[in-house]
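Engineer: Okay, handing you the structure first.
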Amino acid sequence: MKLTYSVLFILGLSFQVSLAQPANITSLEFKLGKWKWQTKGLLRPGDPKMYVGEGESNVFYINDSSAILDDHHILWEDGTDYKAITYRTFDQSNNKFMVVWAQANSNQTTKISGEWKNDQFVETENGKDNYGNWTNVLRIYDITDDSHKAQLIRTYASGYQLTLLEYEATRTND
């Protein structure tokens, strides 16, 4: 009888843990490898045109496998070659992921918070520009072994929303 209760307790505990925020970088393993991106997005402030582009991404472990680095670039239809890295690691102090976007083409480096919400990985950043306070939310969704999608939406305090970026990533065999 004691053994049965112990097993049920352990199974119940395991079930509760599986519903909680993943506690390490391995929950982002789906990003590892080489990817081709089909993208569309805004390139410059005030330019309302959604540009089309093609990109590549190489994602790999760094820091003794405690973080992943996403080295990517997008060649936009107007000839702009966007280059950046995204660093992701799990921050034990707040039980969320720390995400850093660093753009090679500008002096912008941004620290962002990331977390799993159901079956989507969501990165959130707050800021302010000439139009007011905003929140950027990048959702990575429709995740499979060989593909995923992402959408970056900026929402202003007024409620106005602006899609900044969308992409579909397909794993390559390189």
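Engineer: Set Lys and Arg Cβ to +1 and Asp and Glu Cβ to -1, take the dipole of region 25-171 about its Cα centre, and tell me which of 41, 157, 85 lies farthest positive.
Structural biologist: 157
Engineer: Give me the distance in nm between label points sitting 7 Å out from Cα along the Cα-to-Cβ direction at residue 126 and residue 34, one decimal.
Structural biologist: Once both label points are built, they end up 4.1 nm from each other.
Engineer: Could you work out how far helix 2-19 tilts from the main Cα principal axis of the chain, as a 0 to 90 degree angle to the nearest 10?
Structural biologist: 10 degrees
Engineer: Which of the chymotrypsin sites (Phe, Trp or Tyr not before Pro) found in region 144-174 are loop residues per DSSP with 13 or fewer other Cβ atoms within 10 Å of their Cβ?
Structural biologist: When the chymotrypsin sites (Phe, Trp or Tyr not before Pro) of region 144-174 are filtered for loop state and at most 13 Cβ neighbours within 10 Å, 160 remain.
Engineer: Please turn the phi angles of region 153-159 into ³J(HN,Hα) values with the Karplus equation 6.51 cos²θ - 1.76 cosθ + 1.60 (θ = phi - 60°), one per residue in order, whole Hz, x for glycine and proline.
Structural biologist: 10, 9, 10, 7, 4, 6, x
Engineer: Grab the chain and count how many Lys pairs have their alpha-carbon atoms under 18 Å apart, sequence gap of 8 or more, or different chains.
Structural biologist: Eligible lysine pairs with Cα atoms under 18 Å apart amount to 16.
Engineer: Between region 46-63 and region 115-130, what is the separation of their alpha carbon centroids in Å?
Structural biologist: Each part's Cα centre sits 17 Å from the other's.
Engineer: Let me ask something else. Classify region 25-171: rounded, prolate or oblate, from the alpha-carbon gyration tensor (a ≥ b ≥ c, eigenvalue square roots; a/c under 1.5 rounded; otherwise prolate if a/b is larger than b/c)?
Structural biologist: oblate
Engineer: Separate question: Can you work out the FRET efficiency for the pair residue 135 and residue 51, with r the C-beta to C-beta distance and R0 = 25 Å, to the nearest 0.05?
Structural biologist: Efficiency for this residue pair is about 0.60.
Engineer: Relative to the Cα centre, what is the charge dipole magnitude of the chain, using +1 at the beta carbon of each Lys and Arg, -1 at the beta carbon of each Asp and Glu, and rounding to the nearest 20 debye?
Structural biologist: Once rounded to the nearest 20, the dipole reads 520 debye.
Engineer: Could you derive backbone 3J(HN,Hα) for region 120-132 from the dihedral phi with the Karplus parameters 6.51, -1.76 and 1.60 (θ = phi - 60°), listing whole Hz in sequence and x where the residue is Gly or Pro?
Structural biologist: Result, rounded to whole Hz: 10, 9, 10, 10, 10, 9, 10, x, 8, 9, 4, 9, x.
Every number in this text was worked out from the coordinates using simple rules, so none of it is lab data. Here the structure is a predicted model, which means the values were calculated and not measured. Note that we place each Cβ from the backbone using ideal geometry, even for glycine, and neighbour counts take in every protein chain shown.
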